[in-house]
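Trainee: Structure in structure tokens, see below.
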Amino acid sequence: MTTRFEFQKVAPAAFRAMMEVENYVRKSDLDNFLVELVKTRASQINGCAFCIDMHTKDARHAGETEQRLYALSAWQETPFFTPQERAALALTEAVTLIGENGVTDAVYEEVNRHFTPEQIANLLMAIVAINAWNRLSITTQILPGSYQVQAA
């Protein structure tokens, strides 16, 4: 597989717009571990190897455990995630697979128990952003493995 084209070079204004959304999420009050879990889980669902590689590296760099990352695809079956993380992961799955069942009242009510409305908006932006990145990365066939963690 070879990369079809480098999106940031072909459409720099669109890439900058996507980065603005990323910067918004990074500056939000969401926990960095939570954001990386959400990005990794959506990327697993979407089958985006580049983003899985990137976000597991970023999560490990931030101190996330290998155990939790390995178990992420089966998060509902493990005791490794907090109730807040479980609510966020359920929302991530519902939004990522929105065409199947939408976002049910039960999923939303659980998220609403653990997050403020502003945090829910920020969480939604994180989920929307990673789904967009997944689609860009898969379509352009950006190659996994080359990503290096950036210094903060």
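The values are calculated or read from the model by the stated rules, or taken from the named source; none is laboratory data. Source: prediction; values computed, not measured. Reconstructed Cβ throughout: ideal geometry from the backbone, glycine too, with neighbour counts over all protein chains shown. Keep in mind that these areas ignore ligands, DNA and RNA; they rest on the heavy atoms of the full protein, side chains included. Shrake-Rupley method; radii C 1.70, N 1.55, O 1.52, S 1.80 Å.
Trainee: Would you compute, from DSSP H runs of 4+ residues alone, the mean residue ellipticity of the chain at 222 nm, taking -39500 (n - 2.57) per run and dividing by the full residue count, rounded to the nearest 500? All intermediate terms of the calculation are to be shown ahead of the outcome.
Mentor: Working: 9 runs with 107 residues, N = 152.
Rounded to the nearest 500, it is -22000 deg cm²/dmol.
Trainee: If you don't mind, there's one more thing I want to ask. How much net charge surrounds residue 90 when only other residues with a Cβ under 15 Å from its Cβ are counted (Lys, Arg +1; Asp, Glu -1)?
Mentor: Numbers: positive: 41, 86, 113; negative: 77, 85, 93, 100, 105, 109, 110.
Taking every other residue near residue 90 into account, the sum is -4.
Trainee: Kindly rank 60-72, 121-133, 34-46 from highest to lowest mean number of other beta carbons found within 10 Å of each residue.
Mentor: Values: 60-72: 14.2, 121-133: 20.1, 34-46: 23.2.
Answer by packing, highest mean first, reads 34-46, 121-133, 60-72.
Trainee: Measure nothing but the geometry: give the 0 to 90° angle between the long axis through the Cα atoms of 32-46 and the longest principal axis through the Cα atoms of the chain, rounded to 10°.
Mentor: 70 degrees
Trainee: Below 8 Å, C-alpha to C-alpha, sequence gap of six or more: please give me the relative contact order for the range 1-75 in percent. Show your work: numbers first, answer last.
Mentor: Numbers: 33 pairs, mean separation 17.5, N = 75.
Reported as a whole number, the value is 23 percent.
Trainee: Which one, 91, 49, 32, projects farthest toward the positive side of the charge dipole computed for the range 21-140 from Cβ point charges (K/R +1, D/E -1)?
Mentor: Most positive-ward Cα: 49.
Trainee: Same structure again: Which of (i) 1.26; (ii) 1.08; (iii) 1.03 is the computed Cα Rg over 2.2 N^0.38 Å for the structure on display?
Mentor: Here Cα Rg over 2.2 N^0.38 Å agrees with entry (iii).
Trainee: Follow-up. Would you mind checking the tilt of helix 105-114 against the longest principal axis of the Cα atoms of the chain, expressed as 0 to 90 degrees and rounded to 10?
Mentor: It is inclined by approximately 90 degrees.
Trainee: Going by Cα centres, the range 100-152 and the range 1-55 are how many Å apart?
Mentor: Between the Cα centres of the range 100-152 and the range 1-55 lies a distance of 9 Å.
Trainee: Ranking request for peptides 14-24, 105-115: highest mean number of other beta-carbon atoms within 10 Å first, then the rest in descending order. Please list the in-between numbers first.
Mentor: Details: 14-24: 12.8, 105-115: 14.9.
The peptides rank, most packed first, as 105-115, 14-24.
Trainee: Given contacts defined as C-alpha pairs under 8 Å and at least six residues apart, what's the relative contact order of the range 21-140, whole-number percent? Please list the in-between numbers first.
Mentor: Numbers: 116 pairs, mean separation 46.2, N = 120.
Result for the range 21-140 is 38 percent.
Trainee: Helix 12-27 versus the longest principal axis of the chain: what angle, 0 to 90°, nearest 10, using Cα atoms?
Mentor: Compared with the principal axis, the helix lies near 30 degrees.
Trainee: Ignoring ligands, DNA and RNA, what percent of the accessible area of the chain is carbon or sulfur (1.4 Å)? Before the final figure, lay out each step's value.
Mentor: On the way: 4750 of 8420 Å².
Roughly 56 percent of what the probe reaches on the chain is carbon or sulfur.
Trainee: Sorted from largest down, give the three principal axis spans of the alpha carbons of the range 74-120, whole angstrom values.
Mentor: Principal-axis extents of the range 74-120 (Cα, largest first): 28, 25, 14 Å.
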